[in-house]
Amino acid sequence: NFGFITYMIDLEQIVIPDPAHFTYPIWPPRFAVDAIHWWARSFDPVVWARAPWYRATIWIDSLIFGPFYLFAIRAFWKGKSWIRIPSFVWAGMMIAIVTIILFEELWGTTPTAARGLVLGANLPWLLFPFAVIWRMHREDPFGMDSP
């Protein structure tokens, strides 16, 4: 999520507010911009429309989730229990945001015609937070009594 979604796909949506009229930015690379625009035009009109509420979710991902991922990667790698509470906050926010996005994708003002594909592409971002909650529900989620 950190490298590919947050600081490539999401960043593209920040540096290119209107995908119909833009110049290629320095980052993300041209091939990524083209792939994101192809996906948006072909399957995901929510990404193409870039409504203000949706852009807010992108900013949350870039400014809050991105730094969290850096700390979480290290904490999980080292088995540090202090990541429990931040993980619950992240998971709750992620479940809320992805649920809202999926409602728009499926039944909103810019619904997708490729419901199964878009649902499948977004489902990991809904399910993974539940897996993190399950893992973090124990006082010592890493079995190491780590601070």
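Does residue 60 meet the test of being within 13 Å of the chain's Cα centre (by Cα) and closer than 12 Å to residue 11 by Cα?
Taking the combined requirement at face value, the residue satisfies it.
Could you tell me which residue of segment 94-112 is nearest to residue 43 (Cα to Cα), considering only residues that are without any contact (Cβ under 8 Å) to a residue 40 or more places away in the chain and in contact with a Phe, Trp or Tyr (Cβ under 8 Å, 6 or more places away or on another chain)?
Selected residue: 98.
Inside segment 12-44, can you point out the residues that are more than 23 Å from residue 111 (Cβ to Cβ), of a type outside the set (Val, Ile, Thr) and either touching a Ser or Thr at 6+ places or on another chain (Cβ under 6 Å) or open to solvent by 60 Å² or more (accessible area, probe 1.4 Å) (or both)?
Within segment 12-44, 21, 22, 24, 27, 30, 31, 34 meet the criteria.
Each row is one residue, and each column tells you yes or no for (1) open to solvent by 20 Å² or more (accessible area, probe 1.4 Å); (2) among the hydroxyl-bearing types (Ser, Thr, Tyr); (3) within 16 Å of residue 128 (Cα to Cα).
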residue: 78; (1), (2), (3): yes, no, no
residue: 91; (1), (2), (3): no, no, yes
residue: 97; (1), (2), (3): yes, no, yes
residue: 109; (1), (2), (3): yes, yes, no
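Answer yes or no: is there a residue in segment 115-122 that is small (Gly, Ala, Ser), over 25 Å from residue 17 (Cα atoms), loosely packed, with under 13 Cβ neighbours inside 10 Å and within 16 Å of the chain's Cα centre (by Cα).
yes
Answer yes or no: is there a residue in segment 65-74 that is within 28 Å of residue 23 (Cα to Cα) and touching a residue at least 12 places away in the same chain (Cβ under 8 Å).
Yes, there is a match, as at least one residue in segment 65-74 is within 28 Å of residue 23 (Cα to Cα) and touching a residue at least 12 places away in the same chain (Cβ under 8 Å).
The values are calculated or read from the model by the stated rules, or taken from the named source; none is laboratory data. Every value quoted in this text rests on a predicted model; they were computed, and no experiment measured them. A quick note on method: Cβ atoms are made from the backbone with ideal geometry, for glycine too, and the neighbour counts reach across all protein chains shown. These area figures cover heavy atoms from the full protein model, side chains too; ligands, DNA and RNA do not enter into them. Shrake-Rupley method; radii C 1.70, N 1.55, O 1.52, S 1.80 Å.
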